[in-house]
Amino acid sequence: MQFGYSETCLAHDPGARHPESPDRLRAIREGLKRKHGVQYVEADPVDVDVIDGVHDRDYLESVREFCADGGGNWDPDTTAVEETWDAVRYSAGQACWAAETALDGDDGRETPFSIGRPPGHHAVSDDAMGFCFVNNVAVAAQHALETRDVDRVAIVDWDVHHGNGTQDIFYDRGDVFFASIHEQGLYPGTGAVEETGEGSGEGATMNLPMPAGTDDRDYLEAVEGPIATALEAYDPDLLLISAGFDAHRHDPISRIRLSTEAYALLTDRLRGIADRTDAALGFVLEGGYGLDVLADTVALVHETFDGREPIEPDGDRSPDAVELLEEVAAAHDLELDLD
């Protein structure tokens, strides 16, 4: 794979005790050292004129001034330093690079993966939250719609937390389909099945709040069932993955029980959906806070594109997960075979 990366993103340092630390990117790079075919690309930072495609201009100016004044706590979870504004611009620029590179035809072993930080999927149009200042994947989706021959973008968010910011930004629009598979009841408490979009976006938001304890088999059922069915009907030109790795069973801040192998399986299934819909495919890093786990899972995504075959899971689906998938199918008028 090609990885969008900039040393500038290391300068955003929320402090030694903060889980979203520069060590996340260092761990990813260390985990990829022994892998074949890894390429790094430093994309240009984006200007405010690109970011304000999805964010309020006054809000962005407030963030810039906040950082210029030395930063501090924007809220109890979201912290900036003086260098954060540059990191934000590079992180969003790498997400745009991932979208553009995918649309240019880079796929297979050349599939792009942006590993910028701070992450983005909690940032709403006019506020920062959940470690996020700018919604990187939303900026990339909007940029593709505005600058490329793209009519429809799909975003699948597999981070363990609901991508509330991405949902909010596109909730009343039909040109972006957003699907989030996340832990039920976890921060920020949004992402119910009934949240399906409104106006022109009715039906273009899909939420799958999985019960705590959910494992690989149930996640695969979610992707192979409602998500695949909806995406194939939507027929996107570009599929972006908000790739958080905090649903792993050893991540310190969640209760979903995915194995490392699950990320190879999710990658394989979503790659298959992109192939069937002839959609360009790119990845954008979100969360993941156990450093060893983060390194291993990102490396496994890379290995999946490098030819490694994922190992299929054992076990049966849980009754709670089947019930949830039935609710999602009903909310979106989908016909699924869940027998």
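If we only count helices (runs of 4 or more DSSP H) wholly inside the stretch 32-103, which ones have 3 or more residues that are more than 24 Å from ILE155 (Cα to Cα)?
57-68, 84-103
Quick test of your reading of the structure: GLY71 fulfils all but one of (1) out of contact with any strand residue (DSSP E or B) (no Cβ under 9 Å at 6 or more places or on another chain); (2) on the phi > 0 side of the Ramachandran plot. Name the failing condition by number.
Result: GLY71 passes all but (1).
Of the residues PRO45, PRO22, which single one is farther than 20 Å from THR166 by Cβ, buried (at least 19 other Cβ atoms within 10 Å of the Cβ) and within 20 Å of the chain's Cα centre (by Cα)?
PRO45
Return the total of residues in the stretch 62-96 being surrounded by fewer than 22 Cβ atoms within 10 Å (Cβ to Cβ), aliphatic (A, V, I, L, M) and touching a Cys at 6+ places or on another chain (Cβ under 9 Å).
Going through the stretch 62-96 one residue at a time, the tally reaches 1.
Could you grab me the full set of residues in the stretch 52-67 that are under 10 Å from PHE133 (Cβ atoms) and hydrophobic (A, V, I, L, M, F, W, C)?
LEU60, VAL63, PHE66, CYS67
Being of a type in the set (D, E, K, R), at pLDDT 95 or above, surrounded by 24 or more Cβ atoms within 10 Å (Cβ to Cβ) and in a loop (DSSP other than H, G, I, E, B) is the requirement here; does ARG117 meet it?
yes
So which of GLY287, GLY315 ends up being in contact with a His (Cβ under 7 Å, 6 or more places away or on another chain) and either surrounded by fewer than 17 Cβ atoms within 10 Å (Cβ to Cβ) or outside any helix (DSSP H, G or I) (or both)?
Result: GLY287 is the single residue among GLY287, GLY315 that is in contact with a His (Cβ under 7 Å, 6 or more places away or on another chain) and either surrounded by fewer than 17 Cβ atoms within 10 Å (Cβ to Cβ) or outside any helix (DSSP H, G or I) (or both).
LEU239 passes all but one of (1) assigned to a helix (DSSP H, G or I); (2) touching a Leu at 6+ places or on another chain (Cβ under 7 Å); (3) closer than 14 Å to MET206 by Cβ; (4) among the hydrophobic types (A, V, I, L, M, F, W, C); which number fails?
Just one mismatch for LEU239, condition (1).
The values are calculated or read from the model by the stated rules, or taken from the named source; none is laboratory data. None of the values given here were measured: they were computed from a predicted structure. All Cβ positions, even for glycine, are placed from backbone atoms using ideal geometry, and neighbour counts span all protein chains on display.
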